[in-house]
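See below for the structure under consideration.
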Amino acid sequence: MKKKTFFLSLLAALLVLAGCKPELITEENTLRLSQYKVTFEADKGSQTVKVVTSSAAPWTTMSAEESTWLALEKGEDGTTLTITAETNTTAAERRAKVIIVCAGLTESIEVVQDAGKESLTVNKDVVSFDRMGGTQKLTYAANTSDVTCELDDETPWLTFTTDNMLHEVTLRAEPNTGNVRSAKLILHNGNAELEVTVTQAGMGRVYIPFIPKSGTSNYLRAAIDYEAQNGSNQLNYTEEQGKTLMTFMPAAPSFSKVTYDVAEDNTIFNTISQVFTPEDKGQVNEFVEALIAFGFEKNTDKSTEEVAIYGLKSNKSIRLNMVKEGAAYNLTYSYTLGFPEFPFGKGYGRAYADVKGELEAAGLALIRDQDWSTEVDHYYKTTISGIEHYYTESAETHQIIEEGLTFSSASRNNMVAVGDTNGFELSDEFAEMLKTEGFEYVKDNPRPNGLQKIYQNAEKKLEIQVGYYRSGLTIRYLPMN
């Protein structure tokens with residue numbers, strides 16, 4: 001009887017236990033993601049992944065590789081994960097794995113980020129050797145170990161070695177028994193490229209001052225650096241009566257001290273002057289050859305036996321007058337206005353938006369706009385300080401209906417006119433330029449605040465008005481009345 005009672009009690013207990021645990025037997029926890037791979041471009045970016053779980057337990061995340069370039073942020077409601085990748089500054093693709101854990105379950109997200117652009121910087125963009133030569137080191141920073149170098153031309157006096165482990169280029173220059181010389185070292189890192197100028201002082205038979213082939217934001221600083229690199233000694237620096245004058249003694253013994261008269265805003269020179277006393281005719285030829293190699297060409301039409309005139313091909317505004325006086329030559333580098341620099345008519349009749357794009361692409365800055373209701377004047381900088389180029393835009397058609405120049409610096413007036421508001425004549429150079437472009441003198445036009453001279457091109461039906469006013473000199477280019 002007792003045995004029977006025991007078995008009945010055991011059976012009842014088993015039934016009770018079975019009735020207490022139905023959920024653990026029938027339910028399973030789940031963990032699902034909206035995506036299992038995310039891809040980023042090289043720039044910094046974020047993507048959000050949805051996280052779905054049947055468990056009430058919180059889920060956690062971690063990066064398997066502990067990638068410092070990834071940031072993980074769980075949404076406030078616990079249903080999203082935001083993955084943020086920092087900008088990839090390396091030139092290689094990078095990968096990581098993000099792991100999500102919940103109630104004993106795990107899922108992973110593969111993260112891929114595109115390679116960044118190759119980068120390249122150097123510690124200096126000019127390396128200068130004295131005439132004895134020697135070695136100098138140039139250091140660079142790059143995001144790959146594949147930097148290569150080359151010289152822009154065959155340069156037997158200059159050699160180099162590259163060390164990609166130390167990020168160094170060692171340059172070696174041979175002694176120089178000739179004139180000042182230079183070369184370009186070009187560094188490559190994939191699509192990234194840099195140029196370094198290498199100069200070496202010479203024995204100094206030929207000297208050319210600092211002549212910019214293109215615009216420079218600080219001509220004063222650039223000229224000082226140029227003279228120092230070429231072994232010149234600075235003699236003087238003065239600022240008086242609105243003028244900045246600098247004098248240097250070049251290393252070339254046949255060239256006297258050189259005087260730079262720097263423009264008011266330090267962006268260019270007014271004049272550069274010095275005296276050249278050659279040892280012999282051969283040295284004169286050397287100097288002329290150096291001018292031609294630099295980019296000057298002789299104006300054979302205007303040059304005489306006593307006065308040789310040279311213009312810089314890349315910037316027609318720059319001119320050299322080489323005046324023979326006895327055994328010496330007076331050298332004067334100066335600016336002169338010319339159509340190649342101020343192409344009147346290339347804007348006239350065109351949409352201002354198109355011309356504006358071309359000006360910006362050329363690096364010419366907009367100074368100001370002046371709105372006259374029916375038209376707007378847009379003033380731009382030019383390559384010559386003290387001269388602004390303006391374009392008049394019709395408010396109705398948005399086309400350019402007039403263009404011209406204004407002279408904010410009186411020191412530039414003699415490029416165009418000699419005289420004053422009571423009466424003036426065009427400079428020989430500007431008069432010749434108008435004649436070459438087909439403009440003929442028509443009349444003087446007195447104005448209340450000055451005087452205008454009118455020139456017309458009947459074939460093109462265009463007019464140029466040169467006005468000398470109390471407010472300054474102005475050149476207008478517009479249709480004939």
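General observations
- Within the stretch 130-163, tally of residues that are exposed (fewer than 14 other Cβ atoms within 10 Å of the Cβ), modelled with pLDDT of 90 or more and on the phi < 0 side of the Ramachandran plot: 10
- Matching residues in the stretch 49-103 - criterion: being part of a strand (DSSP E or B), in contact (Cβ under 8 Å) with a residue 12 or more places away in the chain and charged (D, E, K, R): Lys50, Lys74, Arg94, Arg95, Lys97
- Strands (runs of 3 or more DSSP E) contained in the stretch 375-481 and holding at least 1 residues farther than 27 Å from Tyr352 by Cα: 417-420, 423-426, 440-447, 450-457, 462-469
- Among the residues of the stretch 420-452, just one is under 22 Å from Ser317 (Cβ atoms) and touching an Asp or Glu at 6+ places or on another chain (Cβ under 7 Å), namely Gly438.
- Sub-7 Å Cβ pairs linking a first residue in the stretch 401-421 that is over 16 Å from Ile464 (Cα atoms) to a second residue that is of a type in the set (D, E, K, R), at least 6 apart or interchain, are Ser408/Glu388; Ser409/Glu264; Val418/Glu425; Gly419/Glu425; Thr421/Arg470, ordered by first then second residue.
- Residue within the stretch 203-220 that is under 18 Å from Tyr333 (Cβ atoms), of a type in the set (S, T, N, Q) and out of contact with any His (no Cβ under 6 Å at 6 or more places or on another chain) present: yes
- Residue match in the stretch 230-241 (condition: buried (at least 18 other Cβ atoms within 10 Å of the Cβ) and under 30 Å from Lys381 (Cα atoms)): no
- Scanning the stretch 36-63 for residues that are of a type in the set (S, T, N, Q) and exposed (fewer than 12 other Cβ atoms within 10 Å of the Cβ) gives a single hit, Thr60.
- Scope the stretch 296-339; condition more than 36 Å from the chain's Cα centre (by Cα), within 16 Å of Thr271 (Cβ to Cβ) and modelled with pLDDT under 90; matching residues: none
- When Ala252, Ala293 are screened for being among the small types (Gly, Ala, Ser), at pLDDT below 90 and either surrounded by 13 or more Cβ atoms within 10 Å (Cβ to Cβ) or in the same structural domain as Val323 (by TED's automatic domain parsing) (or both), only Ala252 passes.
- Here Thr161 fulfils each of the conditions (1) in a loop (DSSP other than H, G, I, E, B); (2) in contact with an Asp or Glu (Cβ under 9 Å, 6 or more places away or on another chain) apart from (1).
- Among the conditions (1) out of contact with any Ser or Thr (no Cβ under 7 Å at 6 or more places or on another chain); (2) farther than 23 Å from Thr155 by Cα, the only one that Leu194 does not satisfy is (2).
The values are calculated or read from the model by the stated rules, or taken from the named source; none is laboratory data. A quick note: this is a predicted structure, and the numbers were derived from the prediction, not measured. Counting neighbours? That spans all protein chains shown, and the Cβs are built from the backbone with ideal geometry, glycine included.
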